[in-house]
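> This is the structure, below, for whatever I ask next.
The values are calculated or read from the model by the stated rules, or taken from the named source; none is laboratory data. Since the structure is predicted, the reported quantities are computational estimates derived from the model, not experimental observations. Neighbour counts are summed over all protein chains in view; Cβ atoms, including those assigned to glycine, are modelled from backbone coordinates with ideal geometry. All accessible areas refer to the heavy atoms of the entire protein, side chains included, with ligands and DNA or RNA removed. Shrake-Rupley method; radii C 1.70, N 1.55, O 1.52, S 1.80 Å.
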Amino acid sequence: YLLFLAYKMLGSFKDYKKDSGRPLKAYEAALFQWINPKAWTIALTVASGFMPLQETLFVAVLFTGLMSSLISFPCISLWALFGSMIRKIVSNIFIKKIIEYCFAILLVLTGIYLVLN
């Protein structure tokens, strides 16, 4: 499967169009989280691993939500900053090709590593 993904990665940027869609609105992004499996996995992991058991449910949820928000905001901001920087970098076709091949090679190496271990 990883070899197939590496093959599909090559040439993946050629279909990239700048105006292919619109960004989600804030309420659409919030509604999407209700069906986002990654968000549910993170929420269950945080709740099972980091909620204080000695507190009442209300205090534990409040504490966990507050700490998650404080930790998530700078991380998501950094992720968005890097994303905007990468968008500027990949505007060059030559650099896009280099990144494309690097990602494909990394996928192949990951597949080889998984098979050998």
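> Can you tell me which residue in region 68-111 is surrounded by the fewest Cβ atoms within 10 Å (Cβ to Cβ), limited to those that are of a type in the set (S, T, Y) and touching a helix residue (DSSP H, G or I) at 6+ places or on another chain (Cβ under 8 Å)?
That would be T110.
> What tally of residues in region 31-58 results from selecting those that are open to solvent by 60 Å² or more (accessible area, probe 1.4 Å) and either modelled with pLDDT of 90 or more or not aromatic (F, W, Y) (or both)?
16
> Which residue pairs have Cβ atoms under 6 Å apart, sit 6 or more places apart or on different chains, and have a first residue in region 98-116 that is farther than 13 Å from Y1 by Cβ and among the charged types (D, E, K, R) and a second that is part of a helix (DSSP H, G or I) and open to solvent by less than 70 Å² (accessible area, probe 1.4 Å)?
Cβ pairs passing all conditions: E100/F13.
> Of the residues in region 51-67, how many are touching a helix residue (DSSP H, G or I) at 6+ places or on another chain (Cβ under 7 Å) and either touching a residue at least 40 places away in the same chain (Cβ under 8 Å) or part of a helix (DSSP H, G or I) (or both)?
Matching residues across region 51-67 total 1.
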